[in-house]
Each structure stands twice: as structure tokens, then as C-alpha cells.
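Below: the structure, in C-alpha cells.
The values are calculated or read from the model by the stated rules, or taken from the named source; none is laboratory data. Since the structure is predicted, the reported quantities are computational estimates derived from the model, not experimental observations. When we count neighbours, we look across all protein chains shown, and the Cβ atoms used for this are built from the backbone with ideal geometry, even at glycine. With ligands, DNA and RNA removed, areas are computed over all heavy atoms of the protein, side chains included. Shrake-Rupley method; radii C 1.70, N 1.55, O 1.52, S 1.80 Å.
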Amino acid sequence: MSDHGHLKLEYQPALPLSNGKLFMWLFLSTEIMFFAGLIGTYIVLRFGAPSWPTPHDVHLSEPIGAFNTFVLICSSVSVVLCFEAAKANKPRQAKQLLLVTFVLGSVFLGVKMYEYNSKFSHGIYPQSPHGLLYDQPSPYYPAAVRQTLLDSKIATPKSVEQETRNIVIDALIANLVTPAEIAAANAGNGSAARAEIHELAVHVQPVHGATPTSDWMAKAIADVKDKTTIAVTNQELLSSELIKLPADSEAHQDKQAEFAAVKQRVEALSQAAKVLQNVNPDKGINASINWLKLPMVIPGGHMWASTYFLLTGFHAIHVVVGLLVFALMIPMTLGPAKAGAVENIGLYWHFVDLVWIFLFPLLYLF
Amino acid sequence: MSEHAHESTPHGHDDHEHHAVPMKTYWTVFGVLCVLTMASFLTYTEIWRDQFSTHAGWSLMMAVSCSKALLVILFFMHLKYEANWKYVLTIPAAFMSVFLMLMLVPDVGRRMYRYSTERWEHTSDYTGAAFYISELLPLPEGIEGGDHAAAHDHNIEHRHADEHGEAEAPEHISLPPDAAAADQVAP
């Protein structure tokens, strides 16, 4: 030996396992604490909240959540079988199983994206700028509904459809928003005011299953029908005037244009009445009129959105990291030499599955 | 643990330790996991809700989740077959997690059963809690954090009473411009 006289030091691992596996387990033990903290926070916020949305309120679908659970369980099986195949020196089989795992992970992520999209399309965002969420029927709520309605109006309606929308919006402002604001202003105290605004909120979307008790929608329909009667009278008047005028005079052309406008308005009014009549009081305006997205009251909705997107978001990040590693490993020859690596990523993937096993009932079923 | 330390190199050790888990075990565990998922999912059905309390459902779901987690850890993560080092890595982490949860318990307790007036006012919905502040009523028996149904029924009565009792029209309030400008077509 060249280094004669030196002490020969022998390396002894503290734990009888490979560095990679030791690292993975240490990492997972920090991850356990990370998710324990997140889930614990969720439990405090969720069970400490005076009100919390039901899964139905926030468009959560339990079957979809259960399907995703199933997908992750399947991917856990395929990744553990992949490890066994690699250990048994069956690289082809191992590669196929890793591919299956990758596809299943992607399916999970795809379903998650679909679910996120259904939240976003209903105006439920983790942050306020795009969100249509209101935690309670506060005085800000009718103001927001009014503003959204005014913003949805078309300045110069060019078609019957556009005019129909304007008529519906005007009817809703005059017969729903304004009465709610007036009643709230006349209410004795804050709680009584919220009770009045609550009536507007349940017209837009049921709150905890509460549906409208007032006749505001009936009044809106009657309002539109009154306007239709006036417009029809006006139309008849114009047509009788039109006959009297000489056919090719300038006055005739002016009257003709006026008549066309009134005719369009009559049509729009009768369609607007139909739109309002089709509003299902058990589902609300938002669900019944598809071109209208009004701010909605979901008690505890903001806290729900924050915790839901935080928990599922962190879980989804873990899924993405797992998928990236799978993508890197698929081209490799997965023989016994790589069995350790497959085992480690498998451990990580099982942990991701584990977190979802707890998130699914907590988020979807509680 | 010391008897394992000098046993062999990590690789040789791994081969030695995992005396191959039979495929049948994995598929059995898979089947059980699927059945358990269905079990927790079924607590959401009407039949279950009619028969058992919400808390019973929650307990069952948590029990199911813990069993599933245990199955995954023991069989898929091979912890059942590992040497004693598994305790070194998992027990401290488990303790830390449990302590983390326990530290939150007072918060859960305090927030679930006692609400300050401000919290009732600002975080609650009309159907739930706000009414009880306005009327200065003690909370009824059935009403805790998230029990809306009872509160809601109570409030429907309250609303009806309001509608009948209230006769004065809100005339002294001036209409906002859009309401007043009801568009007319007639000349």
C-alpha cells in the first residue's frame, strides 16, 4: 500500500440502506410534516368556520374525485410492479409499466385541470381580481351585481339578441337590484339589511338551498310584458301612419326605419320575457341565463377557495415533479442497476398517492 | 440496528432484504384499496346520511383513509419488509406531525364552539349566524359551526314575520337613475 503508516479508515453507513433511499425517506419525513401542517390548517379553518360551502355550492363533483383517487391507486400499483420488474431484470416490462404510471399521472393531472377550469368558469378563483365570490350579502354585493349588469349591456344593440340582453339586464336592475338596495337602506340595522340583500343573492344563486321568497322576478316579467304592450301599440300606430304616407317619399323612408326599429324591439321584448320566465328559481339566474355571470354569495366561499386551491395545488405540484422524473426515466434501461432509482421515485409517488388519500375525503366528502 | 450496519453494501443489502413480495400481495392490496375508496365514497349517499350522524360519517372516512394510508405504506412502500431503520426515519416524523396537529387542537376547539360577535357579524352568512346577533338570542341547541339547516329553518319564519309586519313602502328613498329611467318606446 502506498499510504503505509496511515490509519486505514473504513466507511460504515449509519443506516443499512443506500444514500438515495435514505435521502428519499428523510425527504418524505419532511414532506409528511409539510402536508400535516397544511391539512391541519385546513381542518382548523374548515371546522372553525361559521359557514362552509357544500361541495355542490362550489361545483365539486364527488364521482370525479373518486375517479382521481382510483387513478392514483392504479398508478401506485403500476409503479411498484415496475420496481419488481426492474429488480427481476425485465427492462421491457419495467419500461411499459413506467409508461403506464406516467399516463395515469397525466390523467390525474388532466382531470384536476378540468376541475380547476369548472371552478374558474363559475367565477371561483383563489384570488379576488377575477372572482365573483361574496362571502355574505353585504352592501357591496348589490353594488357589484349592478355594476356587472351595467358592464354586460351593449351600448348600441345591433341585433334582436343584443337588444334582448339589454332588456333583461334593465329588468333585473329595476326589479331585483334596486328593490334590494332600497329595502337594505330602510332596514334598521346591519343584519336586517343583509337579510334583504340575501333575497337578491338567492335570486342569483341559491344560498345553502334557500330559494327566492319574494315576487321580484314576477315583477320583472310583468315589467317586460308592460313594455311589450306599449311597444306593440306603438308598432300598430306606426304601421297605420306608414300606409298613409306616399310610398317613395323621404318621410316614408324615415317612418320605415322607425318601424323596423320598433319591430325589432317588440321581438326582443317578447324574447326577454321568455328568458326571464325560463329562470328556474331553484337554480338561480346564473345557472338559468348562460350569458350572464353575476357575482354570487357563497358563505365561506373565499376561505374554501383559498384552502382548496392551496391543498390541491401543492399536491398537483408534487404530481408534476413525479411526472417529470418518470419522463426522464422512461428512456433508460430499467434493469437491476436502476432498481434503486425506480424504488426511490416509487416511494415518492406512493407518498403523493398517500396525500391524495387524505385530501379526497377531506375536500370532497366532508 | 448495529447488527445491520456492517452487514453488506447497500446494493447487496437491498437484494437480501426484499425477499420478493409476491404479485398476489400487490393485487390484493389494490383490491382492498378500491373497496375502501368505495366505502368512504358511499358515506356521501343519502342512505348513509339518513341512518348515521355526520360525525359518524367523518369518523368512518378518516378510519378508511388511515387504513388505506397504512396499506400503501406497509406494502407499496415496503415498510413491512424493511429492517429496523424504518423506525428511525418514520417515528420522529410521525411524532412531529402528531404534535403539529395537537398544537392546533385548542384553536379548533376555541374556534368551533365559541364565536366572538365580530366573527358572527363578519364571517357568517345571513342564513346562519347573523340573525342571532341581531336578535340577541342564545344559539339554539342544534347550531354549531356548520349546521345551516336548523338556522335556516328558523330564519324562514323570521322572514315571513318581517314581510307581514312591514307595511311602510320605501317612498322616502329616491330611486337610482337606472330604475327611474324605465325606457319607453312610445313617443
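Between B:F95 and A:L9, the distance separating the two model label sites (each 7 Å from Cα on the Cα→Cβ line) works out to 3.0 nm. Between the Cα long axis of helix A:19-48 and the first principal axis of chain A there is an angle of about 30°, rounded to the nearest 10. Of all the options A:Y125, A:Y114, A:Y348, the one that moves most in a Gaussian network model of chain A with Cα springs shorter than 10 angstrom is A:Y114. Relative to the longest principal axis of the Cα atoms of chain A, helix A:62-87 runs at roughly 20 degrees.
The modelled label-to-label distance between A:Q93 and A:A222, using points 7 Å beyond Cα along the C-beta direction, is 7.8 nm.
Given N residues in chain A, what is Rg(Cα) / (2.2 N^0.38 Å)? Mind showing how you got there, number by number?
On the way: Rg = 31.6 Å, N = 366, 2.2 N^0.38 = 20.7 Å.
Output field value: 1.52.
Largest GNM mean-square fluctuation across A:L237, A:L276, A:L15, computed for chain A with C-alpha springs under 10 Å, falls on A:L15.
Kirkwood hydrodynamic radius for segment A:58-141: how many Å is it when counted over pairs of different Cα atoms?
Working: mean 1/r = 0.0647 Å⁻¹.
It works out to 15.5 Å.
Would you mind calculating the relative contact order of segment A:1-136 from Cα pairs under 8 angstrom and at least 6 residues apart, reporting the percent as a whole number?
On the way: 57 pairs, mean separation 22.2, N = 136.
Reported as a whole number, the value is 16 percent.
Identify which of A:A339, A:A273, A:A247 has the largest mean-square fluctuation in a Gaussian network model of chain A, with springs joining Cα atoms closer than 10 Å. Residue with maximal mean-square fluctuation among A:A339, A:A273, A:A247: A:A247.
What number does segment A:125-215 give for Rg over Rh if you use C-alpha atoms and the Kirkwood radius? Mind showing how you got there, number by number?
Numbers: Rg = 14.4 Å, Rh = 14.2 Å.
Result: Rg/Rh = 1.01.
Enumerate by residue number the chymotrypsin sites (Phe, Trp or Tyr not before Pro) in segment B:47-85 meeting two conditions: DSSP loop (anything except H, G, I, E, B), and at most 15 other Cβ atoms within 10 Å of the site's Cβ. Passing both the DSSP loop test and the Cβ count: B:F52, B:Y81. The simple Förster model, with R0 at 22 Å and r as the Cβ-Cβ distance, assigns A:L242 and A:T156 a FRET efficiency of 0.35.
Can you tell me, using C-alpha contacts under 8 Å and at least 6 residues apart, the relative contact order of segment A:272-366 as a whole percent? Working shown, then result.
On the way: 25 pairs, mean separation 22.9, N = 95.
Dividing the mean separation by the residue count of segment A:272-366 yields 24 percent.
Taking the helices alone, chain A has a mean residue ellipticity at 222 nm of -23500 deg cm²/dmol, built from -39,500 (n - 2.57) per DSSP H run of at least 4 residues and averaged over all its residues.
Each residue, A:Q253 and A:F120, gets one label point 7 Å from its Cα in the Cβ direction; the gap between the two is 5.1 nm. Here r is the Cβ-Cβ distance between B:T28 and A:K293 and R0 is 60 Å; the resulting FRET efficiency, rounded to 0.05, is 0.75.
How much accessible area per residue does chain A have, in Å², with a 1.4 Å probe? Provide the component values of the computation, followed by the final result.
Details: 15810 Å² over 366 residues.
On a per-residue basis, 43 Å².
Structural descriptor for chain A: relative contact order 31 percent, calculated from alpha carbon pairs under 8 angstrom and at least 6 residues apart.
Could you tell me what fraction of 2.2 N^0.38 Å the Cα radius of gyration of segment A:246-366 comes to, as a two-decimal ratio? Intermediate results must be reported in sequence, preceding the final value.
Details: Rg = 30.4 Å, N = 121, 2.2 N^0.38 = 13.6 Å.
It is 2.23.
Applying both filters, DSSP loop and at most 10 other Cβ atoms within 10 Å, to the trypsin sites (Lys or Arg not before Pro) of segment A:137-171 gives A:K158.
Quick check: from the Cα gyration tensor, does segment A:116-156 come out rounded (a/c under 1.5), prolate or oblate? All intermediate terms of the calculation are to be shown ahead of the outcome.
Numbers: a/c = 2.97, a/b = 1.27, b/c = 2.35.
In terms of gyration-tensor shape, oblate.
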